Structure formats: structure tokens, C-alpha cells
Amino acid sequence: MSRTLAITNQKGGVGKTTTSVNLAASLGAAKRRVLLIDLDPQANATMGSGIDKRALAATVYQVLIGSHDVASVRLRAPSGQYDVLPANRELAGAEVEMVELERREVRLKEALESVAGEYDFILIDCPPALNLLTLNGLTAADAVMIPMQCEYYALEGLSDLVSTVKKVRAHLNPRLEIEGLLRTMYDPRNTLAQQVSAQLVQHFGDKVYRTVIPRNIRLAEAPSHGVPVLEYDKASKGAQAYLALAGEMLNRTAQAEQVS
Ligand code: ATP
Ligand code: MG
């Protein structure tokens, strides 16, 4: 059965897209079948996967408004072992158009039903906002993965996000869980980062991934070459961290399956 994860944080620039692309590539390298959905009009996950957003005939936008199905829009990432449901700027208009549509929060969820059996993991890269696109992501997901930087306001933003998850659970998607919190762009020499990180573990315990993503220039460079970091510099600390994250996720899933 496929597991669908929304990679989300309403705060901008915390590493959502970097995590989406590199986790997709790392799970793909571990022979899992992965679909990466770009739900952000910025289309960074699309471009970062080596797909030119300007050359697309159809995107997730057409899937959301119901004129295309997922199978006719998805593409294989040219340099990674995963599929991409791409986006471009047109997606910004979906917000407005979907307001008119029926069952507007469940459109992505319903569209994914036809392909769910083809994937082990579906990863959704959400935009930095709590808008209708993000709500579609949260409604389609089994769980949320929350990338965050360990800085002063991070915990405050997190409590907003946790209350959003609770609201979505109450109204739209009763199965939505918090899969895990991921510390990104981590600098172990920074005392504040250490403190926030410790508080995070105190509050959220096992929900915090043991794997920490370090600040690593290779992670920032790879998108300009349109490849996941695994392809760009496999030996880099960034690539190794995302491989470790994929390993940790797979271990957790295996353990959960043993228990149930
Ligand atoms: P947005 O909210 O705009 O969608 P985001 O949460 O998706 O942003 P990213 O685009 O992944 O965040 O990252 C923001 C910037 O930080 C990018 O330039 C990215 O290359 C860089 N970056 C992300 N993670 C790391 C890291 N671990 N080390 C160094 N740079 C990073
Ligand atoms: Mg992003």
C-alpha cells in the first residue's frame, strides 16, 4: 500500500522542496516506487528534478480542476528514479478557480486514487502558505512531514501548524498523523540551534527524526543543475543525510508494520 506524505510548513524557506526532491531521489535509489507532487506555483521541485516548467503541456493544475488524470500528466524525473507530477505558475490560478468547484479540498485525494497502487510513497511538496493547495495536500496525505530550522520562532510556528493538522483531522481527513519533524540546515556549532533542537525533542519525542540535515552547500547548488544532490555529489554530507533520512523512514515503517 502506498503511503502519502505532505511535506509542509507554512514558513517559507525551511527546506520543504529540498527535502521533497532529495527524499524522493533517496527512496528511489532504495528501489521504492515514488511519486513527487509539486503543489507550489513556484515549481521549484519541478525544476529541481530537471523538468523545465516552461515546456509543460499539462501540470497538477489540470489534475486539480479535473481536465486531466494523474497518469497523463506525470513524468519521469530525468536524473532520479522517481516520477513527478509537475507544476508551473498556472497553479496560482487554481486557488481562485477551485473555489467554484465542488468538494474543492478533496480534489487531489480523489485524483490520486487511480495511481496509488503504483507507488510505495507519494510525497507532496506544499507551498509556504495555508491555502487551498496546502489543504488539498493535507487532505490527500496519510501524514505530514515537517521540515524546520532550529531558530527562535520555529516552535511558535510549529504550534500553529499542529493546530492546523488538528483542524484538518477534525473536518477533512481523520487519518492525518504527524509523521515526523525534520531539523534542516542544522549547524551544530550554533548554540541557539542546539537549544531549540533540545526543546523540540523534549516536546515531540520520537516524532523528531534522529537524522539531522546539515547546512551543506551541495544541497543548495544541486537545483541549479536540475538534479537531486545524490546525482550531483553523492559523497556530500547533504546527500548522505537524505539517504540516512530515507533509511530511518523505511525502518520506522517496517517497525510499524511488525507491530500492527
Ligand atoms: P519555500 O517556502 O519558498 O517553498 P522551502 O521551504 O521549499 O521554501 P527550500 O527551497 O528547500 O525551502 O530551501 C530554501 C533555500 O535554502 C534554497 O535556496 C535551498 O537551496 C537552501 N537549502 C535548503 N536546505 C539546505 C541545506 N540543508 N543546506 C544548505 N542550503 C539549503
Ligand atoms: Mg518550496
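The values are calculated or read from the model by the stated rules, or taken from the named source; none is laboratory data. The model shown is predicted, which means the values in this text are computed figures rather than measured ones. Neighbour counts run over all protein chains shown; Cβ positions are idealised from the backbone, glycine included. These area figures cover heavy atoms from the full protein model, side chains too; ligands, DNA and RNA do not enter into them. Shrake-Rupley method; radii C 1.70, N 1.55, O 1.52, S 1.80 Å.
Here are the numbers for this structure:
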read-out	value
One residue from VAL208, VAL162 being β-branched (Val, Ile, Thr), in contact with a helix residue (DSSP H, G or I) (Cβ under 6 Å, 6 or more places away or on another chain) and away from ligand 1 (no atom under 13 Å from the Cβ)	VAL208
Candidate set: the stretch 229-250, residues that are within 12 Å of ligand 1 (Cβ to nearest atom) and open to solvent by less than 20 Å² (accessible area, probe 1.4 Å); chosen: the one nearest to MET1 (Cα to Cα)	LEU245
Single residue of the stretch 1-25 satisfying the filter (touching an Asp or Glu at 6+ places or on another chain (Cβ under 6 Å) and within 15 Å of ALA239 (Cα to Cα)) that is least open to solvent (accessible area, probe 1.4 Å)	SER20
Matching residues in the stretch 75-113 - criterion: being touching a helix residue (DSSP H, G or I) at 6+ places or on another chain (Cβ under 6 Å) and among the small types (Gly, Ala, Ser)	SER79, GLY80, ALA87, ALA94, ALA111
Test: residue in the stretch 30-48 that is among the basic types (Lys, Arg), open to solvent by 30 Å² or more (accessible area, probe 1.4 Å) and within 16 Å of ligand 2 (Cβ to nearest atom)	no
Residues within the stretch 98-109 that are under 16 Å from LEU133 (Cβ atoms) and not in a helix (DSSP H, G or I), tallied	6
Residues of the stretch 51-74 classified as more than 24 Å from GLU110 (Cα to Cα) and within 16 Å of ligand 2 (Cβ to nearest atom), total	2
Failed criterion for GLU95 (all others in (1) acidic (Asp, Glu); (2) within 16 Å of ligand 2 (Cβ to nearest atom); (3) not in a loop (DSSP other than H, G, I, E, B) hold)	(2)
Exclusive hit being farther than 30 Å from ARG104 by Cα, free of Cβ contacts under 8 Å to residues at least 40 places away in the same chain, open to solvent by 50 Å² or more (accessible area, probe 1.4 Å) and not in a strand (DSSP E or B), set ALA198, ALA170	ALA198
Residues (within 16 Å of ligand 1 (Cβ to nearest atom) and more than 16 Å from VAL144 (Cα to Cα)) located in the stretch 13-37	GLY13, ASN22, ALA25, SER26
Number of the condition not met by PRO128 [criteria: (1) within 16 Å of ligand 1 (Cβ to nearest atom); (2) within 30 Å of ALA254 (Cβ to Cβ); (3) out of contact with any Asp or Glu (no Cβ under 6 Å at 6 or more places or on another chain); (4) not β-branched (Val, Ile, Thr)]	(2)
